[in-house]
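Bear in mind these aren't lab numbers, they're just calculated from the coordinates by the rules spelled out. Since the model is a prediction, treat every value here as computed from it, not as a measurement. Cβ: placed from backbone, ideal geometry, glycine included. Neighbour counts: every protein chain shown.
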Amino acid sequence: MDLDDTDRAILRELQRNARTPYSEIARRIDMSSATVHDRVKRMEEEGVIRGYHADIDPTAVDLSVEAVIGFRIEQGRSSETLDRLEDLEEVQEVLLTTGEWDALVQLVARDTNALRTLMFDRISSIEGVERTQTMVVLGHEYDATELPL
């Protein structure tokens with residue numbers, strides 16, 4: 001889908017706050033509310049806008065440990081191994097990568113004991129996992145919440 005300057009302006013406003021009423025977005029970018037509505041609907045249908053969600057603080061819901069895990073996966077086993085990883089409720093993101101690791105997995109856990117159980121009892125039993133390296137996240141120095149549109 002080709003995005004024009006108006007589409008990008010709408011997306012910038014939605015990134016700042018997805019709950020902004022179309023009428024307010026329209027006022028900010030000098031368009032009609034109906035035009036904003038139509039364009040948002042079109043971008044949703046085309047998959048440009050993938051959804052809307054609440055940004056929940058993990059520590060507020062007793063998930064105080066975050067980790068990034070590098071995975072080396074047996075050749076020819078990637079698909080089934082990644083499917084098993086994605087099935088774990090603690091897994092937040094799976095990135096396929098080049099370099100030392102085949103995949104990087106970001107996950108959350110209640111505490112270090114829960115992380116240990118997850119790693120030693122559940123992840124280690126997944127077929128196709130050759131090697132892992134777990135890196136506990138000590139803090140978030142910077143999290144971009146908006147794409148550079």
So, first residue in contact (Cβ under 8 Å) with a residue 24 or more places away in the chain and in a strand (DSSP E or B) in the range 90-119, second residue acidic (Asp, Glu) and surrounded by fewer than 17 Cβ atoms within 10 Å (Cβ to Cβ), Cβ within less than 6 Å, six or more apart or across chains; the pairs are GLN106/GLU93
When every residue in the range 71-88 that is among the charged types (D, E, K, R) and assigned to a helix (DSSP H, G or I) is compared, the one surrounded by the most Cβ atoms within 10 Å (Cβ to Cβ) is ARG84
Among residues of the range 24-56 being surrounded by fewer than 13 Cβ atoms within 10 Å (Cβ to Cβ) and of a type in the set (Gly, Ala, Ser), the residue farthest from ASP2 (Cα to Cα) is ALA54
Of the residues in the range 44-70, those that are assigned to a strand (DSSP E or B) and more than 16 Å from the chain's Cα centre (by Cα) number 2
Filtering the range 14-30 for residues that are in contact with a helix residue (DSSP H, G or I) (Cβ under 9 Å, 6 or more places away or on another chain), outside any loop (DSSP other than H, G, I, E, B), under 19 Å from VAL48 (Cα atoms) and not hydrophobic (A, V, I, L, M, F, W, C) leaves a count of 1
When restricted to ALA9, ALA60, the only residue of a type in the set (A, V, I, L, M, F, W, C), over 30 Å from GLU100 (Cα atoms) and surrounded by 17 or more Cβ atoms within 10 Å (Cβ to Cβ) is ALA9
